[in-house]
Structure formats: structure tokens, C-alpha cells
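Values quoted throughout were computed directly from the atomic coordinates according to the rules given, and no laboratory measurement underlies them. Source: prediction; values computed, not measured. Don't worry about glycine lacking a Cβ; one is built from the backbone with ideal geometry, like all the others, and counts go over all protein chains shown.
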Amino acid sequence: MNHPLFDLTGKRALVTGASRGIGRAVAIGLAAAGADLALQGRDAQALADTVASVREARSSVWVSTHFCDLRDTDGISRLVADVLAEGPVDTLVNNAGMNIRVPALSVSVAQWQAVLDTDLRGAFFIAQQVGQHMVERRQGSIINISSVGGLVALRTGVAYGAAKAGVIQMTKVLAMEWGKYGVRVNGIAPWYFRTPLSEQVLSDLQYYGEVVSRTPLGRVGEVQELVGPVVFLASNAASYVTGHTLTVDGGMSIFGF
Ligand SMILES: NC(=O)c1ccc[n+]([C@@H]2O[C@H](COP(=O)([O-])OP(=O)(O)OC[C@H]3O[C@@H](n4cnc5c(N)ncnc54)[C@H](OP(=O)(O)O)[C@@H]3O)[C@@H](O)[C@H]2O)c1
């Protein structure tokens, strides 16, 4: 992370879903690359644990914490206002997400809404409000965490697939609309990474075996392996990259047989 192109010193990033899993790893990685942080979550103790790890990575980091449920659009407005009252945001990592795994024939309206409201509606309205700020500043980078489930059909379910496909398409449209203002919008589509979200399904050894058998690199990802892609997309190294969703999937999505 020493190359100046990847140096995020003087930049500030808002990371949603930073209380655990991928968001926590990304927050630690952004701090190590020099960024200051605003972290969102719902679980205060878990977010405090992330802050402690972030400070271990770089003791001089400036970090604030914010609590909101992303299904509440008024809460999103308050979150973004609070974060911007502290200072400008250079990078948004739109990471918070959840899933309810249900076969398509059994999905209820409440389940559909819970997944779509968190993973797509919440992601859009955060991007819209932070994007407004970035457009006014004529700079900024938004990184939307989708999933390979937005690219190919997965057993993770129809609501999650629809939401994550929506995030990938949203990424392209926002990149097209905001490019002229110097705002880049990209995404990352992970395959399985070991986190609280995935640990239950990955603890089923038969399922785990099927997952790795379809993964050219022969294993699931470790959350630290998402740090490089996020730092790259946040940094000047990606200054001419926009509208792209980068698969970080051990090759899973190109596996044709
Ligand atoms: N892990 C994987 O294998 C994998 C693969 C592909 C894509 N992804 C995507 O990567 C992102 C992070 O996943 P993860 O595995 O790190 O999940 P995780 O460990 O379950 O963490 C999810 C984070 O999102 C926050 N969150 C969830 N629902 C929220 C809501 N309604 N309002 C506010 N915050 C909410 C949680 O906050 P609290 O804990 O504070 O409630 C937590 O910080 C998600 O978008 C997920 O879809 C993960």
C-alpha cells in the first residue's frame, strides 16, 4: 500500500455495514491506506470493536460512528447529514446488506421487502445523498458491494439476486449520470467470503464442498482479500475506471462446466 497511487491520506470514507464481516475488514484496510472514516452500523458494541481494530491499523486515524437502519429512508437522511456535518466524504463504500434464503415459490411480501429495502433501496438512497454532495464537490468515488448473485443464478434466492442485479445496474446508471461531475461509481461482486452472513451455510460441509468445487481457486475468500479491490477503486489508481463491477470470486463466475 506504499505506492502513492493507492495512498488515501487526506481522504475520508463512509463505510456502511462496518460493524462486522466485509465492512469491518474494508474499514481497517482503508485506514491502513491513510483514509479517515465514518462508520455506520446498528450494533454499538460490534461497531466499537471495529473502531478498536481500525485504531490498531493506524493510531492517527480520525473515525466517527453512526447508527441507522438502512430500511428507514429518513434515517438515511439523518445519517448522511450527520456524516457531512463532520466534513466532506471522498469515498462511499455501500456495503451493508442482508439476505433471507427462501425458495422462490415461498417468498412472502415481507421477506421480499426486507431484502430489497436493505440491499437495493437503502443502497440507492445513500448513494443519492452522498452523490449529491460529491457532484457539488466535483469529485468522489462510490463503491457498491453487490454479489456474483447479481450476475449468475445462485441458491441464495430470488430476492437477493434481484437486489444485487439491481445494484450492478444502478452502478452503471449512476456512473453515466455523474461522470461529467468527476464522480466515479463502481462495484464489487464477491463470491463466498467467510463472514457472519455466510458462516451458517458454509458450516454445512457438503454445501461448502460444492462451493469450492465450482471455484477455480479452490477455496472461499478471506475478507482481507476485498481490501485491495476497494482501496484500488477508491484511489487515484482507478481514476479512469467508472461503471465497472469487479468480480472478486476466485474465478467462480467464469466457471462454465
Ligand atoms: N459474505 C459473503 O460471502 C458475501 C458474498 C457476496 C456479497 N456479500 C455482500 O457483502 C456485504 C457485506 O456482507 P457481510 O458478509 O459482511 O455481512 P454481515 O457480516 O452480515 O454484515 C452485514 C453488515 O450490514 C449491516 N446491516 C445489515 N442490515 C442492515 C440494515 N437494515 N440497516 C443497517 N445496517 C445493516 C450490519 O449491521 P449490524 O450488524 O450493526 O446490524 C452489518 O454491519 C453485503 O452487502 C452482502 O450482500 C457478501
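Order of 160-171, 74-85 by packing, highest average Cβ count within 10 Å first? Before the final figure, lay out each step's value.
On the way: 160-171: 21.4, 74-85: 16.2.
Ranking the peptides 160-171, 74-85 by packing returns 160-171, 74-85.
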Considering Cα pairs under 8 angstrom that are at least six residues apart, work out the relative contact order of region 4-248 and quote it in whole percent.
21
Shape metrics for the chain, restricted to C-alpha atoms - Rg then Dmax, Å
17.3, 52
Considering the dipole of the chain built from charges on the beta carbon (Lys and Arg +1, Asp and Glu -1) around the Cα centre, which of Tyr192, Ala162, Gly122 is farthest to its positive end?
Ala162
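Kyte-Doolittle mean at least -1.0 and Cα extent at least 24 Å along the axis: which DSSP H helices of the chain qualify? If you can, show how the numbers build up before the last one.
Working: long enough: 158-178 (29 Å, 0.72).
Correct list, ordered by number: 158-178.
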Cα lying deepest toward the dipole's positive end in region 64-121, options Leu92, Leu79, Val109, charges on Cβ
Val109
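Please pull out the direction-averaged projected area of region 167-257, using the convex hull of its alpha-carbon atoms, in nm² to one decimal place. Display every interim value, and only then the final one.
Numbers: hull surface 27.5 nm².
Average of the hull's projected areas for region 167-257 equals 6.9 nm².
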Taking only DSSP H segments of four or more residues, each worth -39500 (n - 2.57), what value at 222 nm results for the chain once the sum is divided by all its residues, to the nearest 500 deg cm²/dmol?
-12500 deg cm²/dmol
Which residue fluctuates the most in the chain, going by a Gaussian network model with Cα springs under 10 Å, if the choices are Thr50, Thr195, Thr16?
Thr195
What ranking of Ser59, Ser198 emerges when the number of other C-beta atoms within 10 Å of each C-beta is taken as an exposure proxy, fewest first?
Ser59, Ser198
